1. On a C-alpha basis, how far is the centre of the stretch 134-207 from the centre of the stretch 342-362 in Å? Whole number, if you could?
2. What full-extension length gain, to one decimal in nm, is calculated for ILE317 and LYS40 as 0.36 nm per residue of separation minus the Cα-Cα distance?
3. Are there trypsin sites (Lys or Arg not before Pro) in the stretch 129-216 that DSSP marks as loop and that have at most 10 other Cβ atoms within 10 Å, and which are they?
4. For a quick check, take a GNM of the chain with Cα springs below 10 Å and name the residue from VAL80, VAL242, VAL185 with the largest mean-square fluctuation.
5. What ranking, highest mean first, results for peptides 245-258, 36-49 when packing means the other Cβ atoms within 10 Å averaged over each residue?
6. Could you go through the stretch 112-123 in sequence order and give the Karplus-derived ³J(HN,Hα) for each residue, using 6.51 cos²θ - 1.76 cosθ + 1.60 with θ = phi - 60°, rounded to whole Hz, and x for Gly and Pro?
7. What ³J(HN,Hα) values, in whole Hz, does the Karplus curve 6.51 cos²θ - 1.76 cosθ + 1.60 give for the stretch 317-333 when θ = phi - 60°, with x put for Gly and Pro?
8. I want to verify the translational diffusion coefficient of the stretch 10-81 in µm²/s; compute it with Stokes-Einstein, Rh as the Kirkwood radius over Cα pairs, at 4 °C and 1.567 mPa s.
Amino acid sequence: MTKNPLPEITRMKSEIKMITYKDLAKALRITELRARRLLKSKSLRKTSYGEFEYLVFRRDIGPYPEGTAVIFHDKTSPLVVPGYPSIARILLLSKAVPQHFRDQVVIEEKLNGYNVRIVKFAGKLLAITRGGYICPYTTHRLEKIFSEKRIDDLEDYVVFGEVVGTENPYTRYEYPECKDFCFFVIDVMKGGSFLSADSKREFCSDTGLECVREIDRVDKGEIEKIREIVNSMEKEKREGIVLKDPFNRVPPLKYTTTHTNIGDIAEGMKYMFDEGRTYIFPRILREALKSFEEGADGEELEKKMKKLGEALLAEPISSIKKVSLGGAITEEFTLRFYSESVIDEFLSFMQKQGIILNIKNMERENGEIIMWFMKPKRTNLELRNILNSGLSPLD
């Protein structure tokens, strides 16, 4: 491994041409008046990636969920990539599962990563984040993964998946089976409809893509069996499960483990002024109802309360001490690139999102570029102000 100077970042300015209301009306099959109003509203954001211009839906609009992207290219008709539907969360298994599902339930693993949609448009593979943005880095890494698979044609497909591992700019969690960057298929849409559970697995088998793990199939009344699966996931320190109808007759539901509920609180409280407040209440609510349904008491409940107390206090105290000693609260991560041009695209993309990244170091290894980044956190500034003034920024 050899060290090299950092590549020169040119911060190219992408020029966004005017997407007309007629273009949008045609893409969404709506009236031109409705399209004109949408383009003038704050519900859509115009942006670009390479030779593509696209619109991002910042909220649900008609049948199109938040995160939907409408992508335009000179040589072909616009492509509408629907947002991934939000999955409702289970708080009480014994109530939600029998009432929601019709008969059989497919239980899949819920992975701790970030959701992306993969499409092929105008001859190029594109990776779209849950928010509806084409991420240059994710696209770059997935191009390599997909090029090594048995995929002939994706033109009519939207592949929904989860990126996991440590080499990404969003959510980093190391799995025994994936330490750097991996992609697992969670759903596949063809011609606007989701494939059944069996058809999805057949698609993955045919293409060579990794499919999210199917743990079991149970009857909707087998709550104890589902609970046993959750307990097994708990021991393995996995995130949780997603429950699906095998034929997509009803929407899926999700359920997380205590390890995830309390672990997320600890992670959020590390950056208390960035994520802390939004992390705490929903996860305490999940764990309170989970403990109630399980009948947790005595020593078992005390262990949970101890873990919760540590999550709420240990990480923020550590952050406060660090700042008081002159340190900085930052988020650090490593990314791997195969081209310097993608580095520029990625940094420009993050800049558009209002995210500041500092390059800590760079090394080259076997033709690859490995870069270490630091992302400053608002928590750092807030804690310094508190330590200097003794006053709270909160009521």
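1. One Cα centre to the other: 23 Å.
2. Values: separation 277, 0.36 × 277 = 99.72 nm, distance 4.62 nm.
Contour length minus the Cα-Cα distance gives 95.1 nm.
3. Working: sites: ARG130, ARG141, LYS144, LYS149, ARG150, ARG172, LYS179, LYS190, LYS200, ARG201, ARG213; in loops: ARG130, LYS149, ARG150, ARG172, LYS179, ARG213.
Here the sparse-neighbourhood loop sites are ARG150.
4. VAL80
5. Output ranking for 245-258, 36-49: 245-258, 36-49.
6. For the stretch 112-123, the Karplus curve yields 8, x, 10, 7, 9, 10, 10, 10, 10, 9, 6, x Hz.
7. 4, 4, 5, 4, 4, 4, 5, 4, 8, x, x, 10, 8, 9, 9, 10, 7
8. This corresponds to a translational diffusion coefficient of 103 µm²/s.
Values in this text are rule-based calculations from the coordinates and carry no lab data. Being a predicted model, the structure only gives us computed values, none of them experimental. Ideal geometry is used to build each Cβ from the backbone, glycine not excepted, and the neighbour counts take in all protein chains shown.
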